[in-house]
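Written out below as structure tokens is the structure these notes cover.
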């Protein structure tokens with residue numbers, strides 16, 4: 001990543017270092033911005049923390065990490081220039097953040113709503129997804 005800063009294309013961008021490729025795809029889909037570049041060592045939270053510290057030690061002050069909260073928030077852990085997702089991980093943030101509910105409301109067959117309430121369907125689906133993960 002340090003080499004990217006030497007390129008005029010990236011030198012003024014804000015860098016967010018993420019845990020993996022799926023995080024990059026998600027953020028590029030939902031939060032694309034010409035001023036931001038998402039990248040990853042693809043090795044998890046410890047490597048994100050190390051990468052941010054290394055890049056900042058080389059004078060790159062526009063670098064931040066974004067990691068899954070996991071249990072760090074509950075345990076009171078924090079790291080300089082590292083931000084956490086609102087939920088345990090990015091996937092749970094989608095489910096709890098309303099996107100999942102909107103998707104279900106949009107694509108659910110009306111005939112099913114004659115038998116079950118929308119809230120029951122959403123809750124059952126969320127529980128099933130959580131059980132699988």
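Values in this text are rule-based calculations from the coordinates and carry no lab data. Here the structure is a predicted model, which is why all the values come from computation and not from measurement. Methodologically, a virtual Cβ is constructed for each residue, glycine included, from the backbone with ideal geometry; neighbour enumeration extends over all protein chains shown.
Based on other C-beta atoms within 10 Å, arrange 16, 31, 84 from fewest to most. Don't jump to the answer; show the numbers that get you there.
On the way: 16 22, 31 10, 84 19.
Neighbour counts put them in this order, fewest first: 31, 84, 16.
Roughly what angle does helix 21-30 make with the longest principal axis of the chain, taking Cα atoms, 0 to 90 degrees, to the nearest 10?
On a 0 to 90 degree scale, this one is about 70.
Apply the Debye scattering formula to the chain, with a single equal point scatterer on each alpha-carbon and no solvent, then give log10 I(q)/I(0) at q = 0.14, 0.22 Å⁻¹.
-0.72, -1.29
Give, in whole angstrom and from largest to smallest, the semi-axes √(5λ) of the equivalent ellipsoid of the stretch 8-51, with λ running over the eigenvalues of the Cα gyration tensor. Write out the running numbers ahead of the final one.
Working: eigenvalues 66, 38, 8 Å².
With the √(5λ) rule applied to the stretch 8-51, the semi-axes are 18, 14, 6 Å.
Quick check: the angle from helix 45-57's long axis to the longest principal axis of the chain, C-alpha only, nearest 10 degrees?
Relative to the chain, helix 45-57 is tipped by roughly 30 degrees.
Could you state the angle between the C-alpha long axis of helix 118-132 and the longest principal axis of the C-alpha atoms of the chain, as a value from 0 to 90 degrees rounded to the nearest 10?
Helix 118-132 sits roughly 50 degrees off the main axis of the chain.
Within the stretch 27-70, find all residues whose amide N lies under 15 Å from a label point positioned 7 Å from the Cα of residue 9 along Cα-to-beta-carbon.
34-39
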